[in-house]
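The values are calculated or read from the model by the stated rules, or taken from the named source; none is laboratory data. Keep in mind that what you see is a predicted model, and the values were worked out from it rather than measured. Counting neighbours? That spans all protein chains shown, and the Cβs are built from the backbone with ideal geometry, glycine included.
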Amino acid sequence: MNIMYPIKKITPLILLLASAASLAASVVVTTSLDQPTDYFASNSTGGAGLQWRNDTINGRRDLGQSFYTDTALSLSAVTYRIVGDSSVGSGALNAAFTLSIYEVASASAVPTAGTAISAQSGTMAGLTGTSADFNKYVTFTMDAPVSLEAEKYYAAILSFDDQVANQNIVWSVSTTTAVYPDGRLVLTTDGTTFTTGNDMVFYVTAIPEPSQTAAMIGLLVVGYVVYRRKFNKRS
């Protein structure tokens with residue numbers, strides 16, 4: 001019986017999976033006038049606006065929201081909402097940005113600079129710079145979901161990669177503190193010192209833990225080995 005044949009067949013599959021995992025992760029941007037329907041933490045109460053920016057007039061302001069995880073999960077997407085009375089700056093329409101995920105100590109705690117557990121890049125898309133963008137939900141879906149532990153606090157923060165004229169988006173935020181009790185709006189103007197504020201309108205989405213996917217792949221590989229051994233015996 002040739003037991004090496006299945007191994008030779010499986011090796012390319014393993015190498016392909018490893019290669020795919022090693023590719024640079026990216027963030028895909030989609031927009032909608034409808035709020036997400038599948039999420040594990042959110043705040044839908046707005047009423048005010050705060051500018052995410054890195055433009056030549058007002059400078060830099062990175063914005064995001066912290067949240068709590070009841071169970072271990074894989075964070076796959078974050079959605080923020082544009083206010084209903086402020087157009088997106090022209091410099092933001094195709095802007096390069098980074099979505100960084102931090103672990104924080106509590107609902108009101110801030111990140112520590114340089115400690116992001118994930119930083120994935122993307123390019124803005126789906127916006128027009130006109131009133132058609134008012135109240136749009138902008139979803140940032142990560143190519144490589146981020147594993148988060150149960151009963152911990154995390155923050156998802158957006159930053160523009162470069163300073164560009166009119167590079168700004170005004171996100172919807174609440175008018176009172178702690179509308180969402182398990183997190184806060186988080187901002188920084190220099191990437192080093194972080195502060196908190198009223199909650200953003202936000203939604204965070206998860207997918208099944210990577211371990212479940214890995215287990216499924218393992219079962220498929222084992223099943224393939226068993227099949228090939230039976231096939232070789234018949235041959």
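Observations on the model:
- Residues that are buried (at least 20 other Cβ atoms within 10 Å of the Cβ) and of a type in the set (Gly, Ala, Ser) were ranked within region 171-210; the one that is farthest from Tyr68 (Cα to Cα) is Ser172.
- Among the residues making up region 62-101, those that are of a type in the set (D, E, K, R) and either part of a loop (DSSP other than H, G, I, E, B) or closer than 22 Å to Lys152 by Cβ (or both) are Asp62, Asp70, Asp85.
- Selection within region 107-135 - closer than 25 Å to Gly47 by Cβ, out of contact with any helix residue (DSSP H, G or I) (no Cβ under 8 Å at 6 or more places or on another chain) and part of a loop (DSSP other than H, G, I, E, B): Ala107, Ser108, Ala109, Val110, Gly126, Thr128, Thr130, Phe134, Asn135
- Residue selected from region 32-70 under the condition of a type in the set (Asp, Glu) and surrounded by 13 or more Cβ atoms within 10 Å (Cβ to Cβ), by the criterion farthest from Ala119 (Cα to Cα): Asp55
- Residue match in region 180-193 (condition: within 20 Å of Val29 (Cα to Cα) and touching a residue at least 40 places away in the same chain (Cβ under 8 Å)): no
- First in region 83-112 and in contact (Cβ under 8 Å) with a residue 40 or more places away in the chain and of a type in the set (Val, Ile, Thr), second anywhere and part of a loop (DSSP other than H, G, I, E, B) and surrounded by fewer than 19 Cβ atoms within 10 Å (Cβ to Cβ), Cβ under 8 Å, 6 or more apart: Val83/Phe134; Val83/Asn135; Val88/Thr128; Val88/Gly129; Thr98/Asp161; Ile101/Ala116; Ile101/Ile117
Residues checked against (1) aliphatic (A, V, I, L, M); (2) part of a loop (DSSP other than H, G, I, E, B); (3) modelled with pLDDT under 95; (4) at negative phi:
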position: Asp162; (1), (2), (3), (4): no, yes, no, yes
position: Asn166; (1), (2), (3), (4): no, yes, no, no
position: Ser172; (1), (2), (3), (4): no, no, no, yes
position: Ala178; (1), (2), (3), (4): yes, yes, yes, no
position: Asp182; (1), (2), (3), (4): no, yes, no, yes
position: Tyr203; (1), (2), (3), (4): no, no, no, yes
position: Ala206; (1), (2), (3), (4): yes, no, no, yes
position: Gln212; (1), (2), (3), (4): no, no, yes, yes
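- Those residues of region 85-100 which are of a type in the set (A, V, I, L, M, F, W, C), surrounded by 21 or more Cβ atoms within 10 Å (Cβ to Cβ) and either over 18 Å from Gln163 (Cα atoms) or over 16 Å from the mean Cα position of the chain (by Cα) (or both), in sequence order: Val88, Ala92, Ala95
- From the list Ala107, Ala119, Ala96, the one residue that fits, being in contact with a Lys or Arg (Cβ under 7 Å, 6 or more places away or on another chain), of a type in the set (A, V, I, L, M, F, W, C) and modelled with pLDDT of 95 or more, is Ala107.
- Filtered residues of region 119-135 (kept if surrounded by fewer than 19 Cβ atoms within 10 Å (Cβ to Cβ) and in contact with a strand residue (DSSP E or B) (Cβ under 6 Å, 6 or more places away or on another chain)): Ala119, Ser121, Thr123, Ala125, Gly126
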